[in-house]
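Down below is the structure, laid out as structure tokens.
The values are calculated or read from the model by the stated rules, or taken from the named source; none is laboratory data. On a predicted model such as this, the values are computed, not experimentally measured, just so you know. Using ideal geometry, Cβ is built from the backbone for each residue, glycine included, and neighbour counts are taken over all protein chains shown.
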Amino acid sequence: MTETELLLWVRGPALQIATVIFVLGIVVRIAGILMLGRKKNLAEARGSAVAGGLRTILSRSIPDPGTLQRSTFNVVAGYIFHIGLFITILLFAPHILLIEDVFGVSWPALPTPIVDATTVVTIIALLAVLIHRLRHPVMRFLSGFQDYLVWLVTILPLVTGYLAFHRVGIAPPPTLLAIHILSVELLMVVFPFTKLMHTFSLFMARYYNGAISGYKGVKS
Amino acid sequence: MSKDETLGEALRRQGITRRGFLKFCAATASMMALPPSMVPAIAAALEKAMRPSVIWLSFQECTGCTESLTRSHSPTVEGLIFDTISLDYHHTLQAASGSAAEAAREAAMEENYGKYILVVDGSIPTANPGYSTIAGISNKSMLLDTAKGAAAIVAVGTCAAYGGIPKAKPNPTGAVAVSDLIKDKPIINVSGCPPIPVVITGVLAHFLTFGTIPELDALGRPKAYYGQSIHDRCYRRPFYDKGLFANTFDDEGAKKGWCLYKLGCKGPTTYNACATTKWNEGTSFPIEAGHPCLGCSEPDFWDGGGFYKALSMPTEDITRAAVYAVGAGAAAGVALGAMNRAKKARAVKTHEKVTINDLEKGADDD
């Protein structure tokens, strides 16, 4: 397989396979959660469950002071790499082109030097998070294979994307690009079957918690 | 012009001044990324160089490479250098044809055995020797035969270097590159469709000066000319970095000269000197004329997923795959959910309540 053929394969059939696994997996998992159902609450409503749920989806994005004080590092580093992922994935011009091609929607891109710098910051934050996980006795005890796998498939696209963007001479540029796309496809395939599902389930969980409190007319 | 004439003599006879000659040497040195101290060495070597015998074989090609190398630079000093080599065989340019032409090739080969430079443009068909022949000789056997006595081979153009357009899918002639057939000779790939004229004269000058082939990259191309990507040297690069793109060929962005990435520019994955050396004696290059780079100096550029499709765009229909996956996922999810619910209902139904008597009975058993 030549480098052009490899790039063509990862941009075509491989992306199709990864997309099918990614989408199918996510829909099955979300459907599974929704199908669990809830028992009818016989108590009289003291507030709006929907309003409480929606409010909590937003309010839980801000860390409460107690958590921030107790685990400052986790909160700060966590925020940095999540915002970094948001910027690098969704605000880089070539990525927006891909989204436009698939979904038909687009938005303005950030200048590439900003995305470039964000990538470096995000990689550093992810490395710091891993070191913290390994050094902290409780976190290390709680960590299993999946936690390290999820970390790896998250940092790989960032590192390979950085190499492809700067065309670091370890491979011809089309191969670097192909490796980057492949690493994203690996992430997509692993995604629905691991903790990465939190990208979607966190909103459901927040809504669920908020709705319970909202129904009771209390703050969540 | 006599065969024993040196390059310097030939140039002087054609009215090239010493100053003009040194200017060419300095330009060649800088293009090959050599220090200025090498200029006198290049000048001295070129001055004394005997005109090397060059045999030019054209196989499955369009003559675009020959057009590029001979016509566009004919009034310049590069063109004269080119004239000044002893081009002993080139079936497009020579007057002779048929057996007379072949006799000239054979004579040149015999006379300069082990010393001549073999230039090849065009790919070589392997599916059937009859697909392309010259004077009844198949391309493959002519190449293998002529390559034996060559000091070095210069594969000019993407067809000779990587198979090029004849090798594009489905490759009906079984076209291959020179490097696929010749393994025991130094091969310099001067890729491009066509390649930049100054690159071939630069390679020849390097060979005349040092008697060696220039430093090559992983794809066999001289690093001095193919060391940097079009994207990195593109004058439109600041627009890419700012996120300013032309969306069509006639929108505001196109008129303002913004980046052509969205229109399928292959600059980021293409290595060539177009953005620096430019074409037509330094006039411009395709991107300057408003057209995205096709990536013509890269292998398989013809099958790279579409000239007008941005590099980051998928080459297959991803939307349809995603829609099918949503449908299948929803069906599977509902089915699994229903199975879980049925299981739960069965468990509830078969559940037996434990009474205090059961526990006491159990205690008695112990």
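Looking at the range B:36-68, which of its residues are in contact with a Gly (Cβ under 7 Å, 6 or more places away or on another chain) and not in a helix (DSSP H, G or I)?
Those that are in contact with a Gly (Cβ under 7 Å, 6 or more places away or on another chain) and not in a helix (DSSP H, G or I): B:Ser58, B:Phe59, B:Gln60, B:Glu61.
Do we find that B:Pro222 is closer than 30 Å to B:Tyr116 by Cβ, within 17 Å of the chain's Cα centre (by Cα) and at pLDDT below 85 in this structure? Break it down into steps so the answer makes sense when it comes.
Working: closer than 30 Å to B:Tyr116 by Cβ: yes; within 17 Å of the chain's Cα centre (by Cα): yes; at pLDDT below 85: no.
Considered against the rule, which asks whether it is closer than 30 Å to B:Tyr116 by Cβ, within 17 Å of the chain's Cα centre (by Cα) and at pLDDT below 85, B:Pro222 comes out as no.
Kindly indicate whether any position in the range A:126-149 is loosely packed, with under 14 Cβ neighbours inside 10 Å, of a type in the set (Val, Ile, Thr) and farther than 18 Å from A:Ile26 by Cα.
The answer is yes; a qualifying residue exists.
Does the range A:52-71 include one or more residues that are away from chain B (no Cβ under 13 Å), surrounded by fewer than 17 Cβ atoms within 10 Å (Cβ to Cβ), within 24 Å of A:Leu152 (Cα to Cα) and out of contact with any strand residue (DSSP E or B) (no Cβ under 9 Å at 6 or more places or on another chain)?
For the range A:52-71, residues away from chain B (no Cβ under 13 Å), surrounded by fewer than 17 Cβ atoms within 10 Å (Cβ to Cβ), within 24 Å of A:Leu152 (Cα to Cα) and out of contact with any strand residue (DSSP E or B) (no Cβ under 9 Å at 6 or more places or on another chain): present.
Checking A:Ala31 against (1) closer than 27 Å to B:Val326 by Cα; (2) without any contact (Cβ under 8 Å) to a residue 40 or more places away in the chain; (3) over 25 Å from the mean Cα position of the chain (by Cα), which single condition isn't satisfied?
(3)
Scan the range A:179-198 and give yes if some residue there is among the charged types (D, E, K, R) and modelled with pLDDT of 95 or more, otherwise no. Quick ask: steps written out before the conclusion?
So the first thing to find is which residues in the range A:179-198 are among the charged types (D, E, K, R), and the list is A:185, A:195.
Now drop any that are not modelled with pLDDT of 95 or more, which leaves A:185, A:195.
Within the range A:179-198 (the criterion being among the charged types (D, E, K, R) and modelled with pLDDT of 95 or more), the answer is yes, since at least one residue qualifies.
Is there a residue being among the small types (Gly, Ala, Ser), closer than 23 Å to A:Leu8 by Cβ and in contact (Cβ under 8 Å) with a residue 24 or more places away in the chain anywhere in the range A:121-128?
From the range A:121-128, those among the small types (Gly, Ala, Ser) are A:125, A:128; that's our starting set.
Then drop every residue that is not closer than 23 Å to A:Leu8 by Cβ, which leaves none.
No, the range A:121-128 contains no residue that is among the small types (Gly, Ala, Ser), closer than 23 Å to A:Leu8 by Cβ and in contact (Cβ under 8 Å) with a residue 24 or more places away in the chain.
So, of the residues in the range B:311-324 that are assigned to a helix (DSSP H, G or I) and among the aliphatic types (A, V, I, L, M), which turns out to be farthest from the other protein chains (Cβ to nearest Cβ)?
Taking the candidates together, the pick is B:Val323.
Collect the residues in the range B:94-125 that are at pLDDT 95 or above and of a type in the set (Ser, Thr, Tyr), keeping them in residue-number order.
B:Ser123
Give me the pairs, please: first residue somewhere in the range A:157-176 and within 9 Å of chain B (Cβ to nearest Cβ) and outside any helix (DSSP H, G or I), second residue anywhere and buried (at least 17 other Cβ atoms within 10 Å of the Cβ) and not polar (S, T, N, Q), beta-carbon distance under 6 Å, and either six or more positions apart or on two chains.
Note: pairs meeting the criteria are A:Arg167/A:Pro173; A:Pro172/A:Glu3.
If only one of B:Ala205, B:Ala218 is under 30 Å from B:Lys185 (Cα atoms), in the same structural domain as B:Pro40 (by TED's automatic domain parsing) and assigned to a helix (DSSP H, G or I), which one is it?
Values: B:Ala218 fails: assigned to a helix (DSSP H, G or I).
None of the others qualify; the one that does is B:Ala205.
Give B:Thr269, B:Thr276 a once-over and let me know the one that is within 14 Å of another protein chain (Cβ to nearest Cβ), closer than 21 Å to A:Gly169 by Cβ and among the hydroxyl-bearing types (Ser, Thr, Tyr). Explain how you work it out, then say what you get.
On the way: B:Thr276 fails: within 14 Å of another protein chain (Cβ to nearest Cβ).
Exactly one of B:Thr269, B:Thr276 is within 14 Å of another protein chain (Cβ to nearest Cβ), closer than 21 Å to A:Gly169 by Cβ and among the hydroxyl-bearing types (Ser, Thr, Tyr), namely B:Thr269.
Just checking, which of B:Gly327, B:Gly337, B:Gly333 is touching a Gly at 6+ places or on another chain (Cβ under 7 Å), within 9 Å of another protein chain (Cβ to nearest Cβ) and at pLDDT 90 or above? Outline the logic, then answer.
Details: B:Gly327 fails: touching a Gly at 6+ places or on another chain (Cβ under 7 Å); B:Gly337 fails: at pLDDT 90 or above.
Of B:Gly327, B:Gly337, B:Gly333, the one residue that is touching a Gly at 6+ places or on another chain (Cβ under 7 Å), within 9 Å of another protein chain (Cβ to nearest Cβ) and at pLDDT 90 or above is B:Gly333.
Return the residues of the range A:142-162 that are within 13 Å of A:Leu177 (Cα to Cα) and of a type in the set (Phe, Trp, Tyr); say none if nothing qualifies.
A:Tyr162
Here is a yes/no grid of residues against (1) in contact with a Leu (Cβ under 9 Å, 6 or more places away or on another chain); (2) part of a loop (DSSP other than H, G, I, E, B); (3) among the β-branched types (Val, Ile, Thr); (4) not assigned by TED's automatic domain parsing to the domain that holds B:Ile188:
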{"site": "B:Arg105", "(1), (2), (3), (4)": "yes, no, no, no"}
{"site": "B:Ile124", "(1), (2), (3), (4)": "yes, no, yes, no"}
{"site": "B:Met142", "(1), (2), (3), (4)": "yes, no, no, no"}
{"site": "B:Thr146", "(1), (2), (3), (4)": "yes, no, yes, no"}
{"site": "B:Cys159", "(1), (2), (3), (4)": "no, no, no, no"}
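When only residues in the range B:17-35 that are outside any helix (DSSP H, G or I) and modelled with pLDDT under 80 count, which is surrounded by the fewest Cβ atoms within 10 Å (Cβ to Cβ)? So that I can check it myself, show each step before the final result.
First, the residues of the range B:17-35 that are outside any helix (DSSP H, G or I): B:17, B:32-35.
Applying the additional criterion that residues be modelled with pLDDT under 80 yields B:32-33.
On the way: B:Met32: 21, B:Ala33: 13.
In this case the residue turns out to be B:Ala33.
Name the residue that is surrounded by the most Cβ atoms within 10 Å (Cβ to Cβ), counting only residues in the range A:34-51 that are away from chain B (no Cβ under 14 Å) and either under 18 Å from the mean Cα position of the chain (by Cα) or charged (D, E, K, R) (or both).
Residues of the range A:34-51 away from chain B (no Cβ under 14 Å): A:40-51.
Okay, now just the ones that are also either under 18 Å from the mean Cα position of the chain (by Cα) or charged (D, E, K, R) (or both), so A:40, A:44, A:46.
Working: A:Lys40: 5, A:Glu44: 7, A:Arg46: 10.
So the residue we want is A:Arg46.
Residues checked against (1) surrounded by 24 or more Cβ atoms within 10 Å (Cβ to Cβ); (2) of a type outside the set (A, V, I, L, M); (3) over 17 Å from B:Cys62 (Cβ atoms):
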site: B:Lys115; (1), (2), (3): no, yes, yes
site: B:Leu118; (1), (2), (3): yes, no, yes
site: B:Tyr131; (1), (2), (3): no, yes, no
site: B:Ile137; (1), (2), (3): no, no, yes
site: B:Asp145; (1), (2), (3): no, yes, yes
site: B:Gly149; (1), (2), (3): no, yes, yes
site: B:Ala168; (1), (2), (3): no, no, no
site: B:Val190; (1), (2), (3): yes, no, no
site: B:Cys193; (1), (2), (3): no, yes, no
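Taking the residues in the range A:7-20 that are more than 7 Å from chain B (Cβ to nearest Cβ), surrounded by 19 or more Cβ atoms within 10 Å (Cβ to Cβ) and not small (Gly, Ala, Ser) as candidates, determine which candidate is farthest from the chain's Cα centre (by Cα).
A:Leu7
Of the residues that make up the range B:193-216, is at least one more than 16 Å from B:Leu118 (Cα to Cα), among the acidic types (Asp, Glu) and in contact (Cβ under 8 Å) with a residue 40 or more places away in the chain?
No, the range B:193-216 has no match at all.
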